[in-house]
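The values are calculated or read from the model by the stated rules, or taken from the named source; none is laboratory data. Because the structure is a prediction, the values reported are computed rather than measured. Glycine gets a Cβ as well: all are built from the backbone with ideal geometry, and neighbour counts include every protein chain shown.
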Amino acid sequence: MGSAQAGNELDYRQLLSELTDVIYNFLRSRFGNHHFTEDCVQETLIAIHQARHTYDQSRPFRPWLFAIVRHKAIDTLRKQSTRQKMTRQYRGEQEILSQTNAQSEAESEMISGRLLDSLSEEYRDVLVLTKIIGFSVAETAAKLGISQSLVKVRVHRAIRKLSRLMEAEQS
């Protein structure tokens, strides 16, 4: 890390490459082979890159590294928990909505998930929370851990994509 801090690009690449395996194996030994492990590794590598200037060469590297790994693992688990809660809540809301008889064809298709499944997870999450469940932009931003501006952008893009899909099906 000291050499990488001094600007040696090859050492920095080697460090990140080696850390990828170390972090992955550490997380896998703690949490098993879950789908979020790779996301957590990537988040950790980004955090290491962003915090590399804070490493003090007079101190051991390992505690510094694993403090970052631990914090990113906690963040990832929190996001996973939030996502699971939202999914359960969405499914409950979906059941309630699907019981309503006065639905348009587009609403039925959206509720059945066919159109929603065509969206990426990030667009689908904000659309479900704001337009189907009825959370405010601020509530949605807090639940997803993103800015309110990003929520608005994602909702707009999701609606635009759904509109294009529906227009394409009608023609």
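State all residues of the stretch 12-24 that are out of contact with any Ser or Thr (no Cβ under 7 Å at 6 or more places or on another chain) and either among the hydrophobic types (A, V, I, L, M, F, W, C) or surrounded by 12 or more Cβ atoms within 10 Å (Cβ to Cβ) (or both); if no residue qualifies, say none.
Looking only at the stretch 12-24, we keep the residues that are out of contact with any Ser or Thr (no Cβ under 7 Å at 6 or more places or on another chain), and these are 12-22.
Once the filter is applied, which keeps residues that are out of contact with any Ser or Thr (no Cβ under 7 Å at 6 or more places or on another chain) and either among the hydrophobic types (A, V, I, L, M, F, W, C) or surrounded by 12 or more Cβ atoms within 10 Å (Cβ to Cβ) (or both), the stretch 12-24 yields Y12, Q14, L15, L16, L19, T20, V22.
When you scan the stretch 126-149, how many residues do you find that are touching a residue at least 12 places away in the same chain (Cβ under 8 Å) and part of a helix (DSSP H, G or I)?
Step one: filter the stretch 126-149 for residues touching a residue at least 12 places away in the same chain (Cβ under 8 Å), giving 126-133, 137, 140, 143-145.
Within this subset, residues satisfying the condition of being part of a helix (DSSP H, G or I) are 126-133, 137, 140, 143-144.
Looking only at that region, the number is 12.
Can you tell me which residue within the stretch 43-58, out of those that are of a type in the set (S, T, Y) and part of a helix (DSSP H, G or I), is farthest from T20 (Cα to Cα)? First the steps, then the outcome.
Step one: of the stretch 43-58, the residues of a type in the set (S, T, Y) are 44, 54-55, 58.
Narrowing the set further to residues that are part of a helix (DSSP H, G or I) leaves 44, 54.
Details: T44: 9, T54: 20 Å.
The qualifying residue farthest from T20 (Cα to Cα) is T54.
Could you say which residue among N25, N33 is at pLDDT below 90, in the same structural domain as F66 (by TED's automatic domain parsing) and closer than 17 Å to L65 by Cβ?
Matching residue, one of N25, N33: N25.
Against the condition at pLDDT below 85 and of a type in the set (A, V, I, L, M), how does L162 come out, does it pass? Steps first, please.
Numbers: at pLDDT below 85: yes; of a type in the set (A, V, I, L, M): yes.
Yes: the conditions hold for L162.
Between a residue in the stretch 150-166 that is closer than 11 Å to L127 by Cα and any residue that is loosely packed, with under 15 Cβ neighbours inside 10 Å and polar (S, T, N, Q), which pairs come within a Cβ distance under 9 Å, given they are 6 or more apart or on different chains?
A158/S120; L162/S118
Out of the residues in the stretch 55-100 meeting the condition of being within 20 Å of E121 (Cβ to Cβ) and among the hydroxyl-bearing types (S, T, Y), tell me which one is modelled with the highest pLDDT.
T76
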